[in-house]
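The values are calculated or read from the model by the stated rules, or taken from the named source; none is laboratory data. Computed from a prediction, not measured in an experiment: that's the story for all the values here. Here the Cβ positions follow ideal geometry from the backbone for every residue, glycine too, while neighbour counts run over all protein chains shown. Surface accessibility is based on the protein's heavy atoms, side chains included, excluding ligands, DNA and RNA. Shrake-Rupley method; radii C 1.70, N 1.55, O 1.52, S 1.80 Å.
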Amino acid sequence: MKFVTAILKPFKLDDVREALSEVGITGITVTEVKGFGRQKGHTELYRGAEYVVDFLPKVKLEVAIADDQLESVIEAITKTANTGKIGDGKIFVAELEQVVRIRTGETGPDAL
């Protein structure tokens with residue numbers, strides 16, 4: 001099993017969710033986060049005063065999947081979230097040792 005975490009631009013979330021649904025992903029967790037990488041933030045103007053926005057709004061998407069779904073999930077996220085501009089985000093993949101469905105007690109891939 002794998003645990004996939006993707007950091008995306010917020011306006012791409014609905015498109016990515018639909019793409020994941022098309023490849024058979026039934027459950028995701030989404031968190032609103034702030035951060036920066038190479039994008040470094042930007043300068044904004046508010047009531048005539050200029051200020052720097054260091055941390056930009058992003059969306060963190062998390063999904064637990066079976067090993068055989070990994071390539072299709074990565075492809076769905078990269079194709080859908082890509083704008084070709086800096087700040088499109090990243091995908092992190094980690095090994096998932098155990099999953100337990102609280103309601104039924106199912107474990108492993110059955111709990112996904």
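Scan the stretch 77-105 for residues that are assigned to a loop (DSSP other than H, G, I, E, B) and within 19 Å of the chain's Cα centre (by Cα) and jot them down. Selection gives Asn82, Thr83, Gly84, Lys85, Ile86, Gly87, Asp88, Leu96. If you take the residues in the stretch 1-27 that are closer than 18 Å to Glu71 by Cβ and in a helix (DSSP H, G or I), which one is most open to solvent (accessible area, probe 1.4 Å)? Here the residue is Glu22. Just a yes or no: is a residue in the stretch 35-44 surrounded by fewer than 10 Cβ atoms within 10 Å (Cβ to Cβ) and among the β-branched types (Val, Ile, Thr)? Looking for residues that are surrounded by fewer than 10 Cβ atoms within 10 Å (Cβ to Cβ) and among the β-branched types (Val, Ile, Thr), one finds at least one in the stretch 35-44, hence yes. The sole residue among Val59, Val30 that is at pLDDT 90 or above, in contact with a Leu (Cβ under 8 Å, 6 or more places away or on another chain), part of a strand (DSSP E or B) and open to solvent by less than 40 Å² (accessible area, probe 1.4 Å) is Val59.
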